[in-house]
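Q: Below are the structure tokens for one structure; questions will follow.
No lab work stands behind these numbers, since they all come straight from the coordinates. Please read all numbers here as calculations on a predicted model, not as lab measurements. Every residue, glycine as well, gets a Cβ built from its backbone with ideal geometry; the counts of neighbours run over all protein chains shown.
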2 protein chains.
Amino acid sequence: MEAINLTEKQKQLVEKLGVNTEKEGMPPAPARIMALLMISPELELTFDQIRETLNLSKSATSNALNMLMNTDRIDYITKSGDRKRYFKNRIGSWKESIQQSFHKLERGADLLEEILENRPQHTVDFNENLKDIISFMRYVTKKLPTIYAEWQENRE
Amino acid sequence: MEAINLTEKQKQLVEKLGVNTEKEGMPPAPARIMALLMISPELELTFDQIRETLNLSKSATSNALNMLMNTDRIDYITKSGDRKRYFKNRIGSWKESIQQSFHKLERGADLLEEILENRPQHTVDFNENLKDIISFMRYVTKKLPTIYAEWQENRE
DNA sequence: AATTTGGTTCTCTTTTTTGAGAACTAAAAA
DNA sequence: TTTTTAGTTCTCAAAAAAGAGAACCAAATT
């Protein structure tokens, strides 16, 4: 048995965060793995520790881990003289993740812009609202560095 | 035939925005309806106009429309002496929608806070990162009114 | 009273997603 | 060379999501 010991509370949090992550569009198994790597007291877990803690099959574990690595959501380290990989949360790169999510917002604004360009000239109010949404989205993304800088100064 | 006429470009945009909306976790039929109500030159469409333009069955149309109304994503108006409902995009309430998405962010921060409270005291770096993420999320949501006010002043 | 309108709801398929488990593989160890 | 380790990949089944179409229904019309 390789499963790691979690308190009831921790198990419950894995499910809660897992469901939350599923709602963000992540499939169940990867969502649980991400949650586990956020809640586990041990930060670096092997394939089998993950597999047995979450009661997943080998295939589900393998596919989920690879998917999470391809999308830069997890990472792994190795230890010399040990063939196993130790998977871990990429929490250290949260700034990059946030930048990425703002980048997604920009691409959303681009799509809305394309829609705006293809709207008829009448429907004036509608088009104005659409223009405002786009403008606001772009403003927010433009301000991200400022917001970040302010946060860093005021940080308690 | 009640279907409304869309140019090829408009049809293509309905699909593009539809897929985009699906990726946000919306099922296909509701995603297409939302997209249609964003792209259609006519702003208020009847049940049958939607159904025929998108080639949906009555059940799919009915379920999707009700789901979108329950989640405050669309709305309808009526015209006196006309039993039909005219469904429309709630673009006018985009500010509320944005507030809502920031509110979601706050609930995300609450969940992370709960996780932080259940982390062991060692894993210092990890916990610090988590603290920073939470702090930043809260800072952003707190600043929303300011950001909005700034945007309104600088608006071109 | 009978029919039409504007949907809603039920049943049943089809399709898609998810994951189990066995077979397999490459590198390392024995 | 044989075995073990640390996974990967393949095949298949179960389950969940999506949607078609018919039956149904209440209000309005004829």
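Q: Quick check: anything in the range A:21-28 in a helix (DSSP H, G or I) and of a type in the set (A, V, I, L, M, F, W, C)? Reasoning before the result, please.
A: Narrowing the range A:21-28 to residues in a helix (DSSP H, G or I): A:21-23, A:28.
Subset that is of a type in the set (A, V, I, L, M, F, W, C): none.
No, the range A:21-28 has no match at all.
Q: If A:SER101 passes every condition in (1) closer than 22 Å to B:LEU111 by Cβ; (2) within 15 Å of DNA strand D (Cβ to nearest atom); (3) polar (S, T, N, Q) but one, which one does it miss?
A: Just one mismatch for A:SER101, condition (2).
Yes or no, residue by residue, for (1) touching a Gly at 6+ places or on another chain (Cβ under 8 Å); (2) more than 15 Å from DNA strand C (Cβ to nearest atom); (3) within 14 Å of chain B (Cβ to nearest Cβ):
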| residue | (1), (2), (3) |
| --- | --- |
| A:GLU8 | no, yes, yes |
| A:VAL14 | no, no, yes |
| A:ALA35 | yes, no, yes |
| A:PRO41 | no, yes, yes |
| A:LEU56 | no, no, no |
| A:LEU65 | no, no, no |
| A:MET69 | no, yes, no |
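Q: Shifting gears a bit: Name the residue, out of A:PHE126, A:PHE102, A:PHE87, that is in a strand (DSSP E or B), aromatic (Phe, Trp, Tyr) and either within 14 Å of chain B (Cβ to nearest Cβ) or surrounded by 16 or more Cβ atoms within 10 Å (Cβ to Cβ) (or both).
A: Numbers: A:PHE126 fails: in a strand (DSSP E or B); A:PHE102 fails: in a strand (DSSP E or B).
Criteria check complete, one pass: A:PHE87.
Q: So which residues in the range A:71-99 are within 12 Å of DNA strand C (Cβ to nearest atom) and among the charged types (D, E, K, R)?
A: Kept after step one, since they are within 12 Å of DNA strand C (Cβ to nearest atom), are these residues of the range A:71-99: A:78-84.
Result: A:LYS79, A:ASP82, A:ARG83, A:LYS84.
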